[in-house]
1. Can you name every one of the strands (runs of 3 or more DSSP E) wholly within the range 68-160 that holds 1 or more residues which are over 23 Å from residue 211 (Cα atoms) and open to solvent by less than 40 Å² (accessible area, probe 1.4 Å)?
2. Being in contact with a strand residue (DSSP E or B) (Cβ under 6 Å, 6 or more places away or on another chain) and either in a loop (DSSP other than H, G, I, E, B) or buried (at least 24 other Cβ atoms within 10 Å of the Cβ) (or both) is the filter here, so list the residues in the range 39-56 that pass it.
3. With the requirement that a residue be open to solvent by 60 Å² or more (accessible area, probe 1.4 Å) and more than 22 Å from residue 157 (Cα to Cα), what does the range 240-253 give you?
4. Assess whether residue 119 counts as being touching a Gly at 6+ places or on another chain (Cβ under 9 Å), at pLDDT 95 or above and under 29 Å from residue 34 (Cα atoms).
Amino acid sequence: MTKRGFALTAVLAMTLAFPAQAQDRSFTAEGSDAIFAMGARHIAMGGTGTSTADDALAVFYNPARLAGIRQYSFSGTRQLDATLRPYAFIGGTVPLSFLEPLGIEATFGVARYNRVHARSSGAFAENEFESIFLRYLLPGISGTFDGDIDSKTLVNRFALGTRFDDLPGLSIGANVDWIDCKTDTCGMHGGSNGYEVRTTHATALSYGFSLNYAITDRVTFGANYTDVNTTLKVDSTVTDNLGTRADTYYVNLPRKLNLELSMQVTDRLLLATGYQKLWGTYGNFDLNIETAHFGAEFESREGLIWRGGAWMPLDISASNGL
């Protein structure tokens, strides 16, 4: 990786962790798309979870792993220093035991989670990180924008994981997502007709597929492919010196692929490594983000569980030059 890549990564981590405030400016962002992970355990393990999630968070990481959850469960998480959302993830699982006589293990899962929520105030120069992040998040927004932005994307996911007696070690999953995005902006930019107030509401029905395969008793492979051929329907209303106008248009959503391998090295040590790719057309530009993830979990003889991890960008690029 280039020094510039390392610098961008460092700025990303620091800016998302600590809201920027200077000269009446502010910026903060939360959600799974902002930190590449969800849940305390998996964040600590560098964003791995596609081959290790064993609770309701499997709804997010890999629905195929739901088949291994044979009881009712509920999970809720919150980022302790969060300021925008009361929760990061709420989900639960329900085993479908009536299918067991047919040789099928199946578990249904449902979750609601914050994909990204960003809020900013003031003006940021085109080359400042905050402006770049907002233009990635909101295709079409001007780099000269000066005002207030509040943008949130929530996902309601319904997932199913299944395992068949005739296919030992293999589980398959599927999910359907209802994506709801809303952005409010008020301010001015280089191309605006005076002070501009804009409300944008986008919705989409998204699909995903996943699998989990126990290669051996200690080695597991997981894969999850989501946002397949997803198109957002966008309804926009703007009020400025020219009056109020409404518009409806469509925006493609990038696809997302997670691949991961985990190994239970000993009864106390678990290792995981994964690859994540987000790519496709988003608004008026093409986007490609590739990252590598590493995680470890160790249980001491005293019963304490220690976790550590890291993630690193392999490629961050966009056709609009950001």
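The values are calculated or read from the model by the stated rules, or taken from the named source; none is laboratory data. Keep in mind the model is a prediction, meaning the values are calculated, not measured. Every residue, glycine as well, gets a Cβ built from its backbone with ideal geometry; the counts of neighbours run over all protein chains shown. The accessibility values were calculated without ligands, DNA or RNA, using every heavy atom of the protein model including side chains. Shrake-Rupley method; radii C 1.70, N 1.55, O 1.52, S 1.80 Å.
1. 73-77, 104-123
2. 39, 45, 46, 47, 48, 50, 51, 52, 55, 56
3. 241, 242, 244, 245, 246, 247, 248, 249 - these are the residues of the range 240-253 that are open to solvent by 60 Å² or more (accessible area, probe 1.4 Å) and more than 22 Å from residue 157 (Cα to Cα).
4. no
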